[in-house]
Structure formats: C-alpha cells, structure tokens
Amino acid sequence: MVAAGFHCRFGEIDLIVKDKKFLVFVEVKTRKSVDFGTPGEFVDYRKQEKIKMVAQEFLRTYDKDTDIRFDVIEVMAESSLFGGFRVKEINHIEQAF
C-alpha cells in the first residue's frame, strides 16, 4: 500500500496501491442494498473528475512517469446481529474509469 485516505484541497482518495507497473487510485463504495444502484454506480462522472484531480495532486509529489489506473471496490454489506455491519460481497472493478 502506498497511501490510505490521501487528502488534499480537492478531496480524498480511499486507497493508493502499487500493482505491478501501475499506481492504482482506488475508490471504495459500500452499500447495504442495490435499491438505488450498485455501489459502483455512485462513482458518477463528478466523483470521477474529483478523484482525477486528487490523483494529479498526489502525482505532483510522486513519480510522474508511473502508469496509473482508477479502480472501484464495491462492498455489499448487511446489518450484523452484534451491531454495525458485516461484508456479504466484494467486487473489484479494475480500470473502472
């Protein structure tokens, strides 16, 4: 892992990881139901543009010649008997945008 919860003036990126030759900027979305859409559908055009701006800011202090990729991790959860929630399913969307 390169960074978690990277913040700058444009916003935040949940995870930044290295995957072979790629520096991967990851948005994690969690939902309890798909009644209003899958978690990945909440990473709309506006959110994608914001993530790209944050990535550009991060790259100002990182190796600029690195190949980059934008992924989305969808987490489906359900309420737990002990409070909070438990993960039912995880879906990794590589090159989501």
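The values are calculated or read from the model by the stated rules, or taken from the named source; none is laboratory data. None of the values given here were measured: they were computed from a predicted structure. With ideal geometry, Cβ positions are generated from the backbone for all residues, glycine too; neighbour counts draw on all protein chains shown. When the accessible area is computed, the model is the full protein with side chains, heavy atoms only, and any ligands, DNA or RNA have been set aside. Shrake-Rupley method; radii C 1.70, N 1.55, O 1.52, S 1.80 Å.
Could you tell me whether any residue of region 69-87 is of a type in the set (D, E, K, R) and at pLDDT below 95? I'd like the intermediate steps shown before the answer.
As a first pass, look at region 69-87 and keep what is of a type in the set (D, E, K, R): 69, 71, 74, 78, 86.
If we keep only those that are at pLDDT below 95 as well, we get 78, 86.
Checking region 69-87: at least one residue is of a type in the set (D, E, K, R) and at pLDDT below 95.
Mind listing just one residue for me: the one in region 17-43 that is in contact with a Phe, Trp or Tyr (Cβ under 9 Å, 6 or more places away or on another chain) and free of Cβ contacts under 8 Å to residues at least 40 places away in the same chain and, of those, farthest from E78 (Cα to Cα)?
Looking only at region 17-43, we keep the residues that are in contact with a Phe, Trp or Tyr (Cβ under 9 Å, 6 or more places away or on another chain), and these are 17, 23-27, 29-32, 36, 42-43.
With free of Cβ contacts under 8 Å to residues at least 40 places away in the same chain added as a condition, the list becomes 17, 36, 42.
On the way: V17: 27, F36: 16, F42: 18 Å.
That would be V17.
Can you tell me which residues in region 68-86 are open to solvent by 70 Å² or more (accessible area, probe 1.4 Å) and either in contact with a Leu (Cβ under 7 Å, 6 or more places away or on another chain) or touching a residue at least 12 places away in the same chain (Cβ under 8 Å) (or both)?
In the first step, residues of region 68-86 are kept if they are open to solvent by 70 Å² or more (accessible area, probe 1.4 Å); the result is 79, 81-82, 85-86.
Those that are open to solvent by 70 Å² or more (accessible area, probe 1.4 Å) and either in contact with a Leu (Cβ under 7 Å, 6 or more places away or on another chain) or touching a residue at least 12 places away in the same chain (Cβ under 8 Å) (or both): S79, F85.
Inside region 35-84, can you point out the residues that are over 16 Å from Q95 (Cβ atoms), in a strand (DSSP E or B) and in contact with a Lys or Arg (Cβ under 6 Å, 6 or more places away or on another chain)?
M76, A77, E78
When the residues of region 21-34 are filtered to those that are under 25 Å from E89 (Cα atoms) and over 16 Å from the mean Cα position of the chain (by Cα), which remaining residue is surrounded by the fewest Cβ atoms within 10 Å (Cβ to Cβ)?
Per the criteria, the residue is S33.
Within region 38-67, restricting attention to residues that are under 20 Å from K20 (Cα atoms) and among the hydrophobic types (A, V, I, L, M, F, W, C), which residue is least open to solvent (accessible area, probe 1.4 Å)?
A55
Can you name the residue in region 8-20 that is out of contact with any helix residue (DSSP H, G or I) (no Cβ under 6 Å at 6 or more places or on another chain) and assigned to a strand (DSSP E or B) and, of all such residues, is most open to solvent (accessible area, probe 1.4 Å)? Don't jump to the end; show me each part of the working.
So in region 8-20, the residues out of contact with any helix residue (DSSP H, G or I) (no Cβ under 6 Å at 6 or more places or on another chain) come out as 9, 12, 14-20.
Checking which are assigned to a strand (DSSP E or B) leaves us with 12, 14-19.
Numbers: E12: 71, D14: 43, L15: 50, I16: 1, V17: 40, K18: 101, D19: 50 Å².
Only one residue fits best here, namely K18.
What do you reckon, is Q95 at positive phi and either at pLDDT 95 or above or not in a strand (DSSP E or B) (or both)?
On the way: at positive phi: yes; either at pLDDT 95 or above or not in a strand (DSSP E or B) (or both): yes.
So Q95 fits the description; yes.
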